[in-house]
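The next block holds one structure in the form of structure tokens; read it before the comments.
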Amino acid sequence: MGLAEVVLSIALLVLGAEASIKLPITPIPFTLQTMFLTYLILILGRRSWRPIMGYLAVGLLELSVFAYGEGLHYVASSTFGVSHGLLHSCSHSW
């Protein structure tokens, strides 16, 4: 897996997080990230955890890539579980 493949995958996940619908009844927005994650898992297979780890690392390094917030304090938020669940979904898919 090349660096360009990882960067493109992270860019798709960021675009999916930005395309969101925020509802007042839930703190977790509906995003296109799930669809992009499914495509990444289907295309990359067992290697799909690498862009997900990169996406989480970029978000925890204070870059605004998550749907709500960024940085280390984001780990304590209610929506970080969804972001962390991305990693589990690709690790359990194969």
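The values are calculated or read from the model by the stated rules, or taken from the named source; none is laboratory data. Everything numeric here is computed off the predicted structure, so don't read it as measured data. Please note: Cβ atoms are built from the backbone with ideal geometry, for glycine as well, and neighbour counts cover all protein chains shown.
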*Test result for Leu37, touching a residue at least 60 places away in the same chain (Cβ under 8 Å), surrounded by 14 or more Cβ atoms within 10 Å (Cβ to Cβ), among the hydrophobic types (A, V, I, L, M, F, W, C) and on the phi < 0 side of the Ramachandran plot*: no
*If we keep just the residues of the range 65-81 that are more than 15 Å from Thr31 (Cα to Cα) and touching a Gly at 6+ places or on another chain (Cβ under 9 Å), which is modelled with the lowest pLDDT?*
Glu70
*asked:* Suppose the filter is of a type in the set (Ser, Thr, Tyr), crowded, with 18+ Cβ neighbours inside 10 Å and closer than 21 Å to Gly2 by Cβ; does Ser48 pass it?
replied: yes
_Filter result for Leu60 (of a type outside the set (Val, Ile, Thr), without any contact (Cβ under 8 Å) to a residue 60 or more places away in the chain and out of contact with any Gly (no Cβ under 8 Å at 6 or more places or on another chain))_ = no
*Check Glu62, Glu5 and return the single one that is acidic (Asp, Glu) and in a helix (DSSP H, G or I).*
Glu5
*In the range 6-36, the residues that are closer than 17 Å to Gly85 by Cα and hydroxyl-bearing (Ser, Thr, Tyr)*: Ser9, Thr31, Thr34
*Note down all Cβ pairs under 9 Å where the first residue falls in the range 18-33 and is closer than 19 Å to Leu63 by Cβ, the second is surrounded by fewer than 15 Cβ atoms within 10 Å (Cβ to Cβ) and β-branched (Val, Ile, Thr), and they're at least six residues apart or on different chains.*
Pro29/Ile21; Thr31/Ile21
